[in-house]
Amino acid sequence: MDYSKSVIPSHLLADRGSNLVVINPGSGNVRIGLAQQDAPFSIPHCIARRTTESNQSPRRNVQDQMLNSQVTTSQHADREKAYDIIASLLKIPFLDEEVVNNSYSRKTGRVDVLSQQNSKKESALTWTDVSQQITDLPLPESSLEKNELLEGEKQQPQSSECRYREFVCGEEAMRISPTEPYCLRRPIRRGHFNISQHYSMQQVVEDIEAIWDWMLIEKLHIPQSERNMYCALIVVPETFDNREIKEILSIVLRDLRFSSAVVHQEGLAAVFGNGLSTACVVNIGAQVTSVICVEDGVALPHTQITLRFGGEDVSRCLLWTQRHHQTWPPVRTDPLTKPIDLLMLNRLKESYCQIYEGEVEAVGVVHSYEDGLPPGSHKTRLTALNVAPMGLFYPTLLVPDVYPPPPRSWFKDYEDMLEDTWHISDGSYPEAISKSILSTGRIDLQRKLFCSMQLIGGVALTTGLISAVEERVLHAIPSNEAIDTVEVLQSRTNPSFVAWRGGAILGVIDFVRDAWIHREDWIQNGIHIGGVRKYKDSYYLQAQPMCYINS
């Protein structure tokens with residue numbers, strides 16, 4: 001964080017950032033914090049609400065559970081083919097090849113992770129306690145009793161009752177036992193509002209408001225009564241469309257009661273977070289990967305490409321790989337219907353997966369979580385740990401489309417008929433980068449962007465990913481293009497929250513705040529495209545802050 005303080009003087013971060021809340025909802029997590037903080041609070045973007053048998057039949061413990069999650073025969077064949085292509089590149093045995101018949105020279109690499117660093121990842125997760133103690137105090141019956149209470153006389157509790165919490169947010173929500181009367185809901189799925197026949201628009205909006213309100217109260221200690229003294233800067237994913245951005249603004253201004261707000265795109269904020277002005281930003285989120293180019297502090301919307309896979313798909317692929325090699329213990333691990341299993345798989349991926357030639361193995365601890373019972377621990381040899389992250393380059397290995405996209409009708413915006421956030425590609429990761437940069441059409445800019453690639457998101461921390469990206473992007477450039485050099489720039493800020501940090505910088509240097517939307521204006525009139533102010537991406541503002549950074 002010393003870097004950002006050299007760009008923005010510390011006294012500016014402290015003064016102008018003290019009443020600025022930066023909110024960055026991703027495809028799987030939400031990051032919220034004051035601009036003056038070094039790092040945001042980050043939690044899984046989900047909420048578990050208490051249910052009763054009467055209003056849900058049959059009862060679901062995960063809202064998305066009813067969606068089709070079966071891998072088809074053709075998807076399975078494509079996955080096995082992708083595995084063998086990756087195995088050939090990494091010089092490891094093919095999927096069904098017996099090690100004794102392996103023609104490759106065995107190159108075994110042990111993942112060496114300091115035990116101290118890995119102790120948290122190895123520890124078992126605990127089930128969330130969903131109960132809360134409710135104490136009923138007797139009401140004073142007379143003015144005399146009231147006076148006695150004021151003089152300090154202690155009240156004796158009349159009764160104490162244990163009740164269920166009405167809702168639970170974040171990782172705690174994912175650690176609720178399936179036996180408890182709760183249903184987990186994720187308001188954002190694959191980069192869009194998670195609207196389906198099981199999950200209405202109203203429920204999605206209510207859940208986002210509840211999660212953010214909980215974080216503001218519990219993490220930042222900002223009650224609703226004080227929020228009129230705070231402004232909000234929202235760093236939105238490129239995948240959000242106009243209707244979703246307007247709903248987010250309504251949540252922030254109308255429901256959460258901030259005095260004013262402004263919206264910036266994630267890709268642009270990430271560039272500011274690393275002190276750049278021009279870059280190709282590759283954001284590998286939990287459930288989507290998005291690519292967009294930024295030139296001189298201005299995002300180029302026609303370069304945007306979205307890939308419907310991310311870190312959670314790599315985690316699920318890790319499980320499939322271990323099961324195929326029969327290294328996974330004989331336990332019921334199901335990341336789709338048991339969110340606590342997804343948490344465990346994410347930890348294993350972060351601890352052990354890396355891109356490295358040769359056989360990469362490790363001994364790790366796998367935990368089993370069965371219906372509220374104490375977790376079981378299984379010391380396990382994990383194998384082929386370099387295969388799953390290679391799914392970023394060969395997405396058929398990931399079988400990413402477990403969750404179908406939401407119906408387009410839910411996102412039809414009658415004020416702006418053009419849908420401009422659905423630039424979805426079925427291609428691979430380096431192909432998307434190459435296509436995005438080449439779409440700029442100018443050789444000078446293309447050469448600059450190919451040497452200014454920026455990887456953000458938690459997956460960007462994967463060991464060996466940068467060199468793998470450079471090698472494959474270079475090969476993905478058509479031979480007729482006059483490009484012979486590519487480079488991924490090292491991130492100066494933690495890639496997991498560099499976009500949030502960039503949002504904080506944008507908010508601090510934009511001290512005039514002409515384009516900010518005030519609560520009263522939004523509630524009374526709304527902000528419309530074509531007006532003096534824009535609610536979408538503030539493109540016309542994006543070049544302005546750069547002069548402050550460079551001065």
### Task
Please give the net charge around Arg447, taking every other residue with its beta carbon less than 12 angstrom from that of Arg447, where Lys and Arg add +1 and Asp and Glu add -1.
-2
### Query
With Cβ to Cβ distances under 11 Å as the rule, what net charge do the other residues near Phe258 carry (K, R +1; D, E -1)?
+2
### Query
What pairs from Lys81/Lys338; Lys81/Lys448; Lys338/Lys379; Lys81/Lys349 go past 26 Å between their alpha carbons?
Lys81/Lys338; Lys81/Lys448
### Query
For the residue pair Ser88 and Thr278, what label-to-label distance in nm results when each label sits 7 Å from Cα along the Cα-to-beta-carbon direction?
3.8 nm
### Summary
Under 5 Å from the placed amide H of Ser496, counting only residues 5+ away or on other chains, we find Gly457
### Query
Using modelled amide H (1.01 Å from N, peptide plane; none on Pro or chain starts), what sits under 5 Å from the amide H of Ile176, excluding residues fewer than 5 places away?
Thr128
### Query
What percent does the relative contact order of the range 292-357 come to when contacts are Cα pairs within less than 8 Å and at least six residues apart?
26 percent
## Note on the structure
Residue separation between Ser259 and Leu489 times 0.36 nm, minus their alpha-carbon distance, gives in nm 79.1 nm
### Task
Please list the non-local residues whose amide H lies under 5 Å from the amide H of Val399, H modeled 1.01 Å from N, same-chain partners needing a gap of 5 or more.
none
### Task
Could you sort 287-293, 483-489 so that the peptide with the highest average Cβ count within 10 Å comes first and the rest follow in order?
287-293, 483-489
## Note on the structure
Here, Leu474 and Lys219, labelled 7 Å along Cα→Cβ, have an inter-label distance in nm of 4.0 nm
### Task
Take the Cβ-Cβ distance between Lys379 and Gln70 as r, set R0 to 30 Å, and report the resulting FRET efficiency rounded to the nearest 0.05.
0.40
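With a 1.4 Å probe and all protein chains kept in place, how do Cys162, Cys280 rank by accessible area, largest first?
Details: Cys162 80, Cys280 0 Å².
If we order Cys162, Cys280 from most to least accessible, we get Cys162, Cys280.
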### R0 of 45 Å, Cβ-Cβ distance Asp38-Gln197: FRET efficiency to nearest 0.05
0.60
#### Entry: Under Karplus coefficients 6.51, -1.76 and 1.60, residue-wise ³J(HN,Hα) of the range 206-216 in Hz, glycine/proline x
4, 6, 4, 4, 5, 5, 5, 4, 4, 5, 4
### Task
Could you please report the charge total around Val473, scoring K, R as +1 and D, E as -1 over all other residues with beta-carbon less than 10 angstrom from its beta-carbon?
-3
### Task
With label points built 7 Å along Cα→Cβ from the Cα atoms of Ala77 and Arg332, find their separation and express it in nm.
3.3 nm
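For Arg50 and Leu461, what is the calculated FRET efficiency with R₀ set at 45 Å and r taken between the beta-carbons, to the nearest 0.05?
According to the calculation, E is roughly 0.80.
The values are calculated or read from the model by the stated rules, or taken from the named source; none is laboratory data. Keep in mind the model is a prediction, meaning the values are calculated, not measured. Neighbour counts are summed over all protein chains in view; Cβ atoms, including those assigned to glycine, are modelled from backbone coordinates with ideal geometry. Side chains are part of the model used for accessible areas, which takes the heavy atoms of the whole protein and leaves out ligands, DNA and RNA. Shrake-Rupley method; radii C 1.70, N 1.55, O 1.52, S 1.80 Å.
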